[in-house]
1. Against the definition (modelled with pLDDT of 95 or more, under 23 Å from S214 (Cα atoms) and in contact with a Cys (Cβ under 8 Å, 6 or more places away or on another chain)), how does V77 come out, yes or no?
2. Would you mention how many residues in region 345-370 are out of contact with any Phe, Trp or Tyr (no Cβ under 9 Å at 6 or more places or on another chain) and either within 17 Å of A394 (Cβ to Cβ) or aromatic (F, W, Y) (or both)?
3. Report, ordered by the first and then the second residue, all pairs with beta carbons closer than 8 Å, sequence separation of six or more or different chains, a first member in region 168-195 that is touching a residue at least 60 places away in the same chain (Cβ under 8 Å) and surrounded by fewer than 20 Cβ atoms within 10 Å (Cβ to Cβ), and a second member that is of a type in the set (F, W, Y) and in a strand (DSSP E or B).
4. Out of A123, A110, I need the residue that is among the hydrophobic types (A, V, I, L, M, F, W, C) and over 26 Å from Q211 (Cα atoms). Which one?
5. Pull up region 71-101, narrow it to residues that are under 21 Å from the mean Cα position of the chain (by Cα) and more than 16 Å from ligand 3 (Cβ to nearest atom), then point me to the one that is surrounded by the most Cβ atoms within 10 Å (Cβ to Cβ).
6. Which one is surrounded by the most Cβ atoms within 10 Å (Cβ to Cβ), of the residues in region 205-216 that are within 15 Å of ligand 3 (Cβ to nearest atom) and part of a loop (DSSP other than H, G, I, E, B)?
7. State yes or no: is V12 farther than 21 Å from A91 by Cβ, within 14 Å of ligand 2 (Cβ to nearest atom) and surrounded by 15 or more Cβ atoms within 10 Å (Cβ to Cβ)?
Amino acid sequence: MLVVQKYGGTSVGSIERMQKVAERCLATARQGHQVAVVVSAMSGETNRLLDLTRQLHDDPNDREVDVIVSTGEQVSVGLVALAIRKAGGKARSFLGHQCKIVTDSSFARARIVSIDGQPIRDALAAGEIAVIAGFQGVDESGNITTLGRGGSDTTGVAIAAALKADVCEIYTDVDGVYTTDPRDVPNARKIDRISYEEMLELASLGAKVLQIRSVEMGMRHGVPIHVRSSFSDAQGTWVVPEETDMEKVVVAGVTVAKDESKIICEDLPDTSGVAGKLFAPLAEQNISVDMIVQNQAYDGTTDLTFTVPRGDRKRAVDILKASVPDLVGKNGERIQSDDEIAKVSVVGVGMRSHAGVAKTMFQLLANENINIQLISTSEIKISCVIARKYAELAVRALHDGFGLSLPPSERTGL
Ligand code: ADP
Ligand code: ASP
Ligand code: MG
């Protein structure tokens, strides 16, 4: 078999941890497998590097930031390759440009365009363990790029796809994907198998255990992903195509996202073209809008509420004031915004065939006297925006209310 193993920051967080990684890689190789390893920066290192750039400049140039933050992974690959050699194995390190992980030029959030797996295949054919830097790539002009926070997951799955590996193992500091973040809810339960679709929703709605793009990539190329702990040998969670018995679970998991803000535009004229006029300048300035709710009043006006990433809230309001003063007022008199929100969501493919999940969710929140500000649904998820101070309470209420701490077979009713 050809196995890709990705180790996250905590898993390579110290020399001792790297020695453990080296042992695991060698044990896998000894079982007769070819091993390609993708590593993250040591834990805390990417934050430290980002902090250095901000000490120097409050709006640092993206290209230079990528040159700086990509170095965390350069140190890790060298050290892990050395650790494997020290333990008696053969290893060769690769930076993104050396195994030609070509990306577009969107610094800090670049997308992988292609990977030339040949240098890695050559190393494997020579009996070496290939140790590849996660998170980084190179654009067509030779600039160093990075793939966004948590991007080493995507490097791992992309390398697995390029090499047609049998599995991509994601080693992290929890032993799998849980029904909700086990750090916040101690009775969260490990999920044995989850579909790509559900994992995609969980990841995009706040579960940072896998970067969203890594799940997209796994789904597109059919790479089985095994999320597991580098601290134990226990089986983790398999992320795989949907299987029939998965339908028995109505709600697979609960997530919370605390990084959005709400913007309300009041007293807009209730005529055609208004929403288009409002959102066009935001889209042009690359602000991604998430939930949108519009409500008509009886007096011919309408209120429009939407959410944006918190870091973009101020810019979004400024753009609206400048580009549509006729709608929102020259000084933004008709705009209100709120940073103190959180989005809680329940996710599960079983919702497709089950009515009543939304009703139960609303009741569970009401039981805790939590007011719902915005709601959005898709076939397999329901999200509610609430006041941020209730986020933890809401997650626990939903997790317990849907019986997620119980084994799937013991979860009764809705
Ligand atoms: P790594 O450095 O290995 O990439 P991350 O910190 O990016 O690790 O991701 C692992 C973390 O994801 C866990 O420590 C956990 O707190 C968090 N997490 C959030 N939601 C979930 C979930 N549903 N299941 C498991 N872990 C989760
Ligand atoms: N080191 C990068 C980060 O901290 C990438 C990763 O760890 O996946 O975001
Ligand atoms: Mg991560």
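1. On the way: modelled with pLDDT of 95 or more: yes; under 23 Å from S214 (Cα atoms): yes; in contact with a Cys (Cβ under 8 Å, 6 or more places away or on another chain): no.
When the stated conditions are applied, V77 does not pass them.
2. Kept after step one, since they are out of contact with any Phe, Trp or Tyr (no Cβ under 9 Å at 6 or more places or on another chain), are these residues of region 345-370: 345, 347, 349-356, 358-359, 362-363, 366-367.
Next cut, either within 17 Å of A394 (Cβ to Cβ) or aromatic (F, W, Y) (or both) only: 345, 347, 358-359, 362-363, 366-367.
Of the residues in that region, 8 qualify.
3. Correct list of pairs: R189/Y178.
4. Working: A110 fails: over 26 Å from Q211 (Cα atoms).
Of A123, A110, the one residue that is among the hydrophobic types (A, V, I, L, M, F, W, C) and over 26 Å from Q211 (Cα atoms) is A123.
5. Here is the first cut: in region 71-101, the residues under 21 Å from the mean Cα position of the chain (by Cα) are 72-73, 96, 101.
In the following step, the residues that additionally are more than 16 Å from ligand 3 (Cβ to nearest atom) were identified as 96, 101.
Working: G96: 28, I101: 30.
That would be I101.
6. First, pick out the residues of region 205-216 that are within 15 Å of ligand 3 (Cβ to nearest atom): 206-215.
Filter once more, keeping what is part of a loop (DSSP other than H, G, I, E, B): 206-211.
On the way: G206: 22, A207: 23, K208: 14, V209: 21, L210: 25, Q211: 23.
In this case the residue turns out to be L210.
7. Details: farther than 21 Å from A91 by Cβ: no; within 14 Å of ligand 2 (Cβ to nearest atom): yes; surrounded by 15 or more Cβ atoms within 10 Å (Cβ to Cβ): yes.
In short, no.
Listed here are the residues, each with its yes/no results for (1) within 16 Å of ligand 3 (Cβ to nearest atom); (2) buried (at least 24 other Cβ atoms within 10 Å of the Cβ); (3) within 14 Å of V4 (Cβ to Cβ).
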| residue | (1), (2), (3) |
| --- | --- |
| A126 | no, no, no |
| V131 | no, yes, yes |
| D139 | no, no, no |
| G142 | no, no, no |
| G148 | yes, no, no |
| A161 | no, no, yes |
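The values are calculated or read from the model by the stated rules, or taken from the named source; none is laboratory data. A quick note: this is a predicted structure, and the numbers were derived from the prediction, not measured. A quick note on method: Cβ atoms are made from the backbone with ideal geometry, for glycine too, and the neighbour counts reach across all protein chains shown.
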